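K.L.:
Before we start, here is the structure in question, set down as structure tokens.
FYI, it's all coordinate maths here, none of it is from the lab. Computed from a prediction, not measured in an experiment: that's the story for all the values here. Note: ideal-geometry Cβ built from the backbone for every residue, glycine included; neighbour counts use all protein chains shown.
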Amino acid sequence: MSVDIKPYLQYLEKEKRIPKDEACALIVEAIKSSVEKSVMAGQNVEVTADPATGKLEAHVLYSVTDSVADPLREMNPVAAGLLQAGAAVGDQVRKPINVADLGRIAAKTTQQLLNQRFRKIEKDQVFQEYKDKVGDIVTGTVRRTERGNVIVELGTAEAVLTHKERCHGDEFRTGDRIRCLLLEIREDPQRGREFVLSRANDGFVRRLLELEVAEIADKTVTIAKMARDPGYRTKIAVDSSDPKVDPVGACVGARGARVRNIVKELGGEKIDIIRYHKEPLKLLEEAIRPARPRNVRIDERNRSIHFEVDEEDMRIAIGSKGRNARLTSKLMGWGLNIAKATHAPESVEAQLGEKATRMAEQLGLPFDLVAKFVQLGLTELSVAANVTAEELQDTGIPADEIQTFLAAVAKAAKA
């Protein structure tokens, strides 16, 4: 006796996005497994379903034999003849089963197996939908809070925003719409697949800028360096591949509109956008502006910079709880030692000019040529002697000037 499951197949295809042929295979497998483990244990059950018509049939298979040793799997020729005319020894006959009469236990087991299979398929579908969105911004609705973690519904998926990945000051209520970075899709042995969100990751600010600033999206402006203290402050150094485009102005926008939208999204987190320079001293000046570094000393070996600022600029250079100095150090990749100016200040330009003059005399080269290399931090012969032409090829200095400078340095070092 057949059963019509076509409406159920249509429901699965429309609501669960499970193709009819795949759904048929799962239903057949579930029914066969449940009846063989319950009401028809030990018997050879055959279940078939047609995806096109929705017709489902079930049979018990028997081998025809003169000597029946296993009545659950074997049948004598007389009984077999009632099921299939002309059945002979060695044949296999099929006895129809009324699926509706299999009993409550078999039905419940089948339902449990199908639910397990369908849940797995749904989870796999969700994974396929979101796996390419890792590293992108997603929008969701806050559903609840569990042990300090915010559970966010992303439509077809449920994601978690842990306390660690939230910014200082982030407070959410049930029903709030929030934007987050899809940080990763993690496989957890106990909880299964877990979608992890973040608002504290640097990538969140980076992606917000890419969405807000068209020049970053089309690669005209690039984010060269970034340092962030989530919820408090972010420092970003930007560069432009087009000399006609001001990278800082493009990011800030007309009357600060672009950066203001990002600050609003981050709950008031301060955003400092500066122009990127390869030369560490110029980048330092940009990063601590309006404070001005004076009496600068560079320790190339330990990658640290010692400098002084005027007393009225100390608060600006260091920032609240040392945050500005810490972020500037992280942005540059150099350690910073800041002191209060106690004697007549000497500007960075003046110091570089003196060092360029002294080195030009040592090398016997023009001041303008040597000054280009001093601005890169090559302020001493001992430092310049350890630099190769390959390391200087991306500085914008012509190759012939690089060769002239390095040759003079090598000659002076041997003298």
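K.L.:
How compact is segment 140-208 by the rule of thumb for globular proteins, expressed as Cα Rg over 2.2 N^0.38 Å?
P.N.:
That works out to 1.05 for segment 140-208.
K.L.:
Above 17 Å lies some portion of the pair distances; for segment 6-101, what is it as a whole percent of all C-alpha pairs?
P.N.:
Tail of P(r) above 17 Å: 57 percent of Cα pairs.
K.L.:
Can you tell me what share of the DSSP beta bridges in segment 3-128 is antiparallel? A percent to the nearest 5 is fine.
P.N.:
Percent antiparallel among DSSP bridges in segment 3-128 is about 90.
K.L.:
Can you tell me which lysines have their Cα less than 29 Å from the Cα of residue 123? Leave out same-chain residues fewer than eight positions away.
P.N.:
Counting by Cα, and skipping residues close in sequence, residue 123 has these lysines nearby: 6, 14, 16, 20, 32, 37, 55, 108, 131, 133, 164.
K.L.:
On to the next question. With an 8 Å cut-off on Cα pairs and a minimum separation of 6 or more residues, tell me the relative contact order of segment 210-276 in percent.
P.N.:
It comes to 35 percent, rounded to a whole number.
K.L.:
Okay, next question. Determine ³J(HN,Hα), in whole Hz, for all residues of segment 49-66 in sequence, where each value follows from phi through the Karplus function 6.51 cos²θ - 1.76 cosθ + 1.60 and θ = phi - 60°; x replaces Gly and Pro.
P.N.:
Rounded to whole hertz, the list is 8, 9, x, 6, 8, x, 7, 10, 10, 9, 9, 9, 9, 10, 8, 7, 8, 6.
K.L.:
Please list the non-local residues whose amide H lies under 5 Å from the amide H of residue 91, H modeled 1.01 Å from N, same-chain partners needing a gap of 5 or more.
P.N.:
The answer is 64.
K.L.:
Same structure, new question: Return the single residue from 356, 49, 224 with maximal mean-square fluctuation; model: Gaussian network over the chain, springs between Cα atoms under 10 Å.
P.N.:
Most flexible of the set in this elastic network: 49.
K.L.:
Using a Gaussian network for the chain with springs between C-alpha atoms less than 10 Å apart, which of these wobbles most: 239, 299, 400?
P.N.:
Looking only at 239, 299, 400, the largest GNM fluctuation is found for 400.
K.L.:
How large is the Rg to Rh ratio of segment 247-367 when both quantities use alpha carbon positions and Rh follows Kirkwood?
P.N.:
Here Rg/Rh amounts to 1.05.
K.L.:
Which loop-located trypsin sites (Lys or Arg not before Pro) does segment 138-172 contain, where loop means any DSSP state but H, G, I, E or B and the Cβ has at most 14 other Cβ atoms within 10 Å?
P.N.:
Here the trypsin sites (Lys or Arg not before Pro) that fit, given the DSSP loop and packing criteria, are 147, 164.
K.L.:
Turning to a different aspect of this structure: Order by neighbour count: 329, 382, 320, fewest other Cβ atoms within 10 Å first, most last.
P.N.:
Least to most surrounded, the residues fall as 320, 382, 329.
K.L.:
For the chain, modelled as a GNM with alpha-carbon contacts under 10 angstrom, which of 183, 381, 72 fluctuates the most?
P.N.:
72
K.L.:
Also: Can you pull out the GluC sites (Glu not before Pro) in segment 165-230 that DSSP calls coil and that have at most 11 other Cβ atoms within 10 Å?
P.N.:
171
K.L.:
Measuring from label point to label point, each 7 Å out along Cα→Cβ, what is the residue 264 to residue 123 span in nm?
P.N.:
That separation, rounded to one decimal, is 4.0 nm.
K.L.:
Can you list which of the trypsin sites (Lys or Arg not before Pro) found in segment 216-302 are DSSP loop residues with at most 13 other C-beta atoms within 10 Å?
P.N.:
Within segment 216-302, the qualifying trypsin sites (Lys or Arg not before Pro) (loop, at most 13 other Cβ atoms within 10 Å) are 219, 244, 301.
K.L.:
Can you tell me the Rg and the Dmax, both Å, for the Cα atoms in segment 210-276?
P.N.:
Values for segment 210-276 (Cα only, Rg and Dmax): 11.3, 33 Å.
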